[in-house]
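To start, the structure under review is shown below, and the notes come after it.
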Amino acid sequence: MHDIRAIRENPEAFDRGLARRGLDPLSSQILSLDADRRARIAQAETAQAEQNKASKEVGAAKGRGDEAEFERLRALVARKKADIAQLQAEAAQMDDRLTRMLMEIPNLPLDQVPDGKDEDDNVELKRWGNPRSFDFEPVEHFQIAGVQPGMDFKTAAKLSGSRFVLLKGGVARVHRALAQFMLDLHVSKHELEETWTPVLVLEDMMRGTGQLPKFGEDSYQTREGWWLIPTAEVTLTNTVHGDLVEQATLPRRMVAHSQCFRSEAGSAGRDTTGMLRQHQFEKVEMVSITDAQGGVAEHARMTACAEAVLEALDLPYRTIALCTGDMGFGARITHDLEVWLPGQNAYREISSVSYCGDFQARRMNARYRPDGGGKPEFVHTLNGSGLAVGRALIAVLENGQQADGSVILPAALHPYLGGATVLGADGRLI
C-alpha cells in the first residue's frame, strides 16, 4: 500500500514510478479524492465547533426567557448535528475509496531495476553450472521410466481433477528428502528460524501481503471464510501484523515448509502436462522482516540462500533480474532463479526472491521502534522460495536421468534416503 503523504509531497516521482511499470499517471486522481476527503473532514470539524457553541448558548437563552432565540439555537444544533453526520459519512466513503485505490496500485520499482515490458526484457545476472551433455535424448520428468511408477496423474485426476499429482514410493521419498534437506540447509547454514504455520488464514492476512483485494481469484476461500495460503509468505510475513517491535529484534529471518494452494486462474493452457504447475504443491519459503535500512542487503543475502540450495544439489541455474514490466505486484525488486531442465531444453523458474520495502507493512500496520528513540517506522519485508519443492524434484529427476530410465540422485540427498543413491528404472530406491 502506498503512502498518501509521499504522493502529496512528490506526485511526479509517483507517476514516474508507475510509468516504469507501464501504467498511466494516477497522482492527480488520487490527490483530488484525497483533497475532497480532507475538505469533508475540515467541514465536519467546523460544523462540530458551531454545534458546540450553539449548544452552550441554548441554556443561556432559555435562562433569560428568550424563547425565540432558544428555538433558533435548538434548530441550529439539530441542523449542525445532521450536517456533521452527513459530512462524516461522505468522508468515510471517500476514505474507503482512497484506501481501495491505494491498495490496488502495484509497488514502485527501485532505481536499479531494469526497465522493460515483459520477460523478454529481463536481465541475466549470473549463470552457475554447465548443463549436462547427454548421449541420448533426455525426456521430461514424467516420461522417465523410473519416475512413472511413482508419479500418478491418472489417480490424482480421479481424486481431485486436473493439475494434481499422487506421488508414491521412491519418487515420494525423494520429494520429502528435498524438503528436509532445504530446511536443514537454511537452518544450519543460513541461520533462518524454522517455523511451522497454518495453511488457513483470515482475510486480513491475505490483504496484508497483497493477495487481496486484487488477486482473490488466484487463491481458494473456504465456506467458513478462511483462505488457503498460496505460499507461506502470507503466514510468515503476517507474524508481525499489527505489531510494534523493537529494532534490536530485526532482522527476523524465518523459513517454513508448507503446502501451498493456487487456482492458477491466469495460466489456462500453460504447463498442462507433468507437475510443473499444480493447484496443490509444496514450498520451502523464506521471509525476512528488516528495518528501513537493511532491505537491499537482505535481498542479496536471501538470493544467495536460494542459490546455495541449487548449488548443493548440483543443478545448473541462472539468476535473473526481473524488469519493471515483469515484477510481481508487491515487489520493488525481484531476482528469479531459473533451473536448467534438460527435458524441456530450457531454464525454468524455481525461486522468486523479492524485496517489498514498506509496501506490505503499511497494509499490515507493522512497525518498529528505532533503537535511538523517535517515531515508530514501518518494517520492510522480503520473501523468496528456497525452493519450490516440486520443481526441485523435476530438476533432480531430469538432470539425473540415465539412458536405462534410472535417475542418479544428488549426493546431498543420500543421507536423507537411507544411503540410496539411485532411483532405479523400476521406481525403487537403490
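Some notes on this structure:
- Residue satisfying condition, being touching a helix residue (DSSP H, G or I) at 6+ places or on another chain (Cβ under 7 Å), over 29 Å from M327 (Cβ atoms) and part of a helix (DSSP H, G or I), within set P138, P149: P149
- Positions within segment 227-282 being out of contact with any Asp or Glu (no Cβ under 8 Å at 6 or more places or on another chain) and assigned to a strand (DSSP E or B), in sequence order: L228, L244, V245, F261, Q280, F281, E282
- Condition check for Q280: crowded, with 16+ Cβ neighbours inside 10 Å, out of contact with any Leu (no Cβ under 6 Å at 6 or more places or on another chain) and under 20 Å from R362 (Cα atoms): no
- Selection over segment 186-226 of residues that are part of a helix (DSSP H, G or I) and either open to solvent by less than 30 Å² (accessible area, probe 1.4 Å) or small (G, A, S) (or both) gives a count of 5.
- Selected residue (only one of I7, I41 is out of contact with any Ser or Thr (no Cβ under 8 Å at 6 or more places or on another chain) and of a type in the set (A, V, I, L, M)): I41
- A single member of D135, D118 is surrounded by fewer than 12 Cβ atoms within 10 Å (Cβ to Cβ) and either touching a His at 6+ places or on another chain (Cβ under 8 Å) or more than 27 Å from D426 (Cβ to Cβ) (or both), and it is D118.
- Among residues of segment 402-413, those that are over 16 Å from E137 (Cβ atoms) and either open to solvent by 70 Å² or more (accessible area, probe 1.4 Å) or out of contact with any helix residue (DSSP H, G or I) (no Cβ under 9 Å at 6 or more places or on another chain) (or both), counted: 2
- Some residue of segment 30-50 being within 30 Å of D121 (Cβ to Cβ) and surrounded by 13 or more Cβ atoms within 10 Å (Cβ to Cβ): yes
- Those residues of segment 194-237 which are under 16 Å from A331 (Cα atoms) and not aliphatic (A, V, I, L, M), in sequence order: R207, G208, T209, G210, Q211, K214, F215, T231, E233, T237
- Test: residue in segment 260-272 that is of a type outside the set (F, W, Y), modelled with pLDDT of 95 or more and farther than 23 Å from G216 by Cβ: no
- All conditions in (1) farther than 22 Å from I30 by Cα; (2) in a loop (DSSP other than H, G, I, E, B) hold for N107, with the sole exception of (1).
- Filter result for the condition that a residue is surrounded by 21 or more Cβ atoms within 10 Å (Cβ to Cβ) and basic (K, R), over R391, R348: R391
- The single residue among L183, L159 that is open to solvent by 60 Å² or more (accessible area, probe 1.4 Å), assigned to a helix (DSSP H, G or I) and of a type in the set (A, V, I, L, M) turns out to be L159.
- Selected residue (only one of R332, R369 is touching a helix residue (DSSP H, G or I) at 6+ places or on another chain (Cβ under 8 Å), buried (at least 19 other Cβ atoms within 10 Å of the Cβ), under 30 Å from G17 (Cα atoms) and of a type in the set (K, R)): R332
- Within segment 310-329, tally of residues that are open to solvent by less than 30 Å² (accessible area, probe 1.4 Å) and more than 21 Å from R16 (Cβ to Cβ): 7
- Among the residues examined, A172 qualifies as among the aliphatic types (A, V, I, L, M), in a helix (DSSP H, G or I), without any contact (Cβ under 8 Å) to a residue 24 or more places away in the chain and surrounded by 14 or more Cβ atoms within 10 Å (Cβ to Cβ).
- Segment 236-260, subset open to solvent by 20 Å² or more (accessible area, probe 1.4 Å) and of a type in the set (S, T, Y), residue farthest from Q360 (Cα to Cα): T249
- Candidates are the residues of segment 283-300 that are assigned to a loop (DSSP other than H, G, I, E, B) and not hydrophobic (A, V, I, L, M, F, W, C); the one that is most open to solvent (accessible area, probe 1.4 Å) is Q293.
- Remark: pairs (first residue in segment 37-59, within 27 Å of L98 (Cβ to Cβ); second residue in a helix (DSSP H, G or I) and of a type in the set (G, A, S); Cβ separation under 7 Å; 6+ apart in sequence or on different chains) = R37/A91; R40/A91; I41/A91; A44/A91.
- Residue within segment 130-137 that is touching a residue at least 24 places away in the same chain (Cβ under 8 Å), among the basic types (K, R) and farther than 30 Å from A297 by Cβ present: yes
- Annotation: M1 fulfils all but one of (1) among the aliphatic types (A, V, I, L, M); (2) in contact (Cβ under 8 Å) with a residue 12 or more places away in the chain; (3) assigned to a helix (DSSP H, G or I); the unmet one is (3).
- Segment 264-277, residues that are crowded, with 17+ Cβ neighbours inside 10 Å and of a type in the set (G, A, S): G274
- Put simply, of L102, L125 the only residue that is out of contact with any Gly (no Cβ under 6 Å at 6 or more places or on another chain) and open to solvent by 80 Å² or more (accessible area, probe 1.4 Å) is L125.
The values are calculated or read from the model by the stated rules, or taken from the named source; none is laboratory data. Just so you know, these numbers come straight off a predicted model, no measurement behind them. In this analysis, Cβ positions are derived from the backbone assuming ideal geometry, glycine residues included, and neighbour counts consider all displayed protein chains. Surface areas here come from the heavy atoms of the whole protein model, side chains and all, with no ligands, DNA or RNA. Shrake-Rupley method; radii C 1.70, N 1.55, O 1.52, S 1.80 Å.
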